[in-house]
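Data block below; observations after.
Read-outs: derived from the displayed coordinates by stated rules, not from any lab. What you are looking at is a predicted structure, and each value in this text was computed from that prediction instead of being measured. Backbone-built Cβ (ideal geometry, glycine too); neighbour counts: all protein chains shown.
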């Protein structure tokens, strides 16, 4: 076990540029949620919504909003952005993350034409001809970096990731274990009852600050590039098909699928297990609910739900209509009886 | 090819503690289903439902329920639980499964501080500082075991699995190839148009007798642990997000997704491609149908279906209502005509 | 960077057996879509539908249908099948794909009883006892080939793929990175509150010309084999459960799931994120729309949509009915008022 780091409330407040209310000597060793915190933990109140839960928490120290004047049983540190502040504290107190030392591990298989100055190449990694790996980038155990790949600085490529030839990665890109970047796209021509492979000779470009989840697959383009915009975050087990174009700062939650040549604007958010069909384009800031499938284009700001996807408001109306249907059927039944009654005198007239 | 093992009906019955009806010398070499069985195969009748199919089977020997007095063309062995018995026979007759010999393969990369007494570490595996691997546990080729991991006894970690730092595994845990345990959770704070990473400094705890499918991803907690309860079975390509808490003896079928901090009770069953949203809690014995998405809490014993999930009975009623809708619309049309007719004389009266 | 290959329109037309209209000396270096093409690119017009888009393309050369008499600003090459022809051109102009040289890499771990004449075994690959790898087959870095596997000729097994023991692959099979072939099926017996593992002692057979996507999982059979028919193409992140039987020339798009013992005919097409339940059988030429879940058997030629899947036509009718529902409810409301009005005089009569 790594040595336990401990911090007192006083120095913690100082380091956070916060205002301490209460005992400056109270010591904590780790961050925990309000529910799980024990007396040796620091927890946090992201907004006033959480004040009541904080009052019943057993945390030893709380990080709270600057305008929070509540009294707690434990020392409280007022800061301008508690959510950001607690992330800092997490980093200070965390056990170390497995890293790779700068240099080339003797068990790595590295082509002499690869350039890796200042990079960290782990055990059993493979780096092929003409690849470039930037300074301080960590290539973990078992990773494959194909020929002519260009990987920027300060990236972390986790164990057993495969990055095929001619992929370009920006700076500070993180790729989690067992992800596959640059495999062939799924393209065939159907001729005489057989599927003939369309060559997938394009590449993948991943811009700065992108994070890619474990076991996610991003296919190379048929021609040109599949592009992931700067700052976009992709969760585990996602499928990004050939020639997809993703804008900047999108959030794609787990198991989403983007069909071939699908195009996303900036700040698109997709919920888990949702999908976008081949060649479909959605604009900036589009929100796609979990399990939704988007089968046609939608403009900036659309909020989508359903299979196939429709506007959120329309989906809600449809759902409400279906929910109230038994009531309308009851009214119809009643009305049939009333018309039966109305017809009877008429008939007796006949 | 491994030598073919063959057993005669007599010794087979004896070893199964069963009662043989028919020729004790009939020899079989393998287990097969009723449909696929040939004369050199033993097949089984799980319950009386399968008696008719068994009669047309070409199996050389049948394992049948103790109370099954049917006459078959081949020898039959009566046992108390044929489903369990045939599993035993499968194990006796199976070709060997690839194993790893106890000791450390010379191509493995093992930190001198790791403890692996009586464990089996395969080719190209990596075991980092302070990791502990229990007796008779098999670490197959290409596996990564991060620093300070604690892995119990009699586990099987299949090829190219990645287990990141500080993961804890109980005894008899099986993890299938290319699974990823302990990657960072998908957590960001949105500030000034950018997604800032929330540190994922927690861990993963996997209890005894858990089995985890190929290419499945289980993320480490933000703080605290992501926990998989004892005896739970998780299929291929599943997503278990950070801080998920799964009870004991659950069955999670392929491609399910659990959002961050989702909580499942014991004996929960989830069908393929279903999902549970972030922070949602479901109780013990909950059944989630295939493709369902659970978006709010449900108590013990709930049976759920739909997107979003509702109670099974309510879902069926809604489906039935929609199915009968054309009939009600026809009745409405007819009623409109009847009212038209009723209004006419009135109008002519006017 | 690899040297740029360049071809002039004249030799290109000749090599394609096409008829050149325009300047034979125009040189191109790569293939691009009509939208992305620059003057140094060749693009193509798959059918007359694309003629208008071709006219505004900046491509240096166009490959067009033989019966296309349109005049373009650039040289055009008329061929009988432009889609097929442009694939040829892509192959001629493409940068090289990472390959493995014939022979066994010194860092590979190969059992002396494995037979690999004329095969190419890459760095850190593992090939176990009794395995057979055919001529010209490429086993890329980090691949695991289990005992007694039989792999045909001209296959490409990409990095970090795991092929467990006794799997059979035909000729020209391609498996993309991080796929898992032959892991245990997900089968348990529920006894006394616990899930007891059913042995998964069968195998996987993959026939000629199959392609399998990155991070896809194909489980071995409980007994007998899981079979993938010749020419079938499976995309990334798909789940093929134990004992599944897939016919020839199917197209299974990303993230589909086939439950245990599901059976598919020939030429079945499944859209992304669709699924077929355990033991369900679908016939030849069945089309399953994206996100659909097939829960019962369907015959040849069925076109399916919905959860659970119904015939396409029926699905469309249901959708249309639901869409028009507000209109029918409005009519019902109006009718209620008319009946109210009809009843009033009657009442005043009373």
> Of all DSSP beta bridges in chain C, what percent run antiparallel (nearest 5)?
Replying inline: 15 percent
> Taking a label point 7 Å from Cα toward Cβ, how far is residue A:113 from its twins in the other copies, in nm, shortest first?
Replying inline: 4.1, 4.1
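Could you tell me whether the protein assembly as shown comes out rounded, prolate or oblate from its Cα gyration tensor? Rule is a ≥ b ≥ c as square roots of the eigenvalues, rounded for a/c under 1.5, then prolate if a/b exceeds b/c, otherwise oblate.
Numbers: a/c = 1.19, a/b = 1.19, b/c = 1.00.
Here the protein assembly as shown falls in the rounded category.
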> Working from the pairwise distances between different alpha carbons, so that the mean of 1/r is found and then inverted, what is region B:268-350's Kirkwood radius in Å?
Replying inline: 15.7 Å
> Over chain A, what is the relative contact order in whole percent, taking alpha-carbon pairs under 8 Å and six or more residues apart?
Replying inline: 6 percent
>> I want the antiparallel fraction of DSSP beta bridges within region A:150-257, as a percent rounded to 5.
In response: 15 percent
> How much FRET efficiency would the formula 1/(1 + (r/R0)^6) give for residue A:194 and residue A:336, where r is the Cβ-Cβ distance and R0 is 51 Å, rounded to 0.05?
Replying inline: 0.30
> Add -39500 (n - 2.57) for each DSSP H run of 4 or more in chain A, then divide by its residues: what number comes out at 222 nm, to the nearest 500 deg cm²/dmol?
Replying inline: -6000 deg cm²/dmol
> How big is the C-alpha Rg of region B:1-117 next to the rule-of-thumb value 2.2 N^0.38 Å, as a ratio?
Replying inline: 1.42
>> If you average the alpha carbon positions of region A:147-175 and of region C:252-281, how far apart do those two centres end up, in angstrom?
In response: 34 Å
> Of A:152, A:187, A:122, which has the largest mean-square fluctuation in a 10 Å C-alpha GNM of chain A?
Replying inline: A:187
> Normalised by the residues of region A:65-127, what does the relative contact order come to in percent, with Cα pairs under 8 Å and at least six apart?
Replying inline: 26 percent
> Using Cα pairs under 8 angstrom and six or more residues apart, how large is the relative contact order of region B:213-347, in percent?
Replying inline: 13 percent
> Which distances in nm, rounded to one decimal and ordered from shortest, link the label point of residue A:296 to the equivalent label points in the other identical copies, with labels set 7 Å from Cα toward Cβ?
Replying inline: 3.1, 3.1
> Using a basic spin-label model with each label point 7 Å from the Cα along Cα→Cβ, how many nm lie between residue A:279 and residue C:5?
Replying inline: 2.8 nm
> With a ≥ b ≥ c the root eigenvalues of the C-alpha gyration tensor of region C:103-310, is it rounded (a/c under 1.5), prolate (a/b larger than b/c) or oblate?
Replying inline: prolate
>> If you restrict to DSSP beta bridges whose two residues both lie in the protein assembly as shown, what percentage is antiparallel, to the nearest 5?
In response: 15 percent
> How high is the FRET efficiency from residue C:322 to residue C:17, r the C-beta distance, R0 51 Å, rounded to 0.05?
Replying inline: 0.45
> Out of B:78, B:239, B:319, any idea which swings most in a Gaussian network model of chain B, alpha carbons joined below 10 Å?
Replying inline: B:78
> What are the nm distances, shortest first, from residue C:129 to its equivalents in the other copies, labels at 7 Å along Cα→Cβ?
Replying inline: 3.8, 3.8
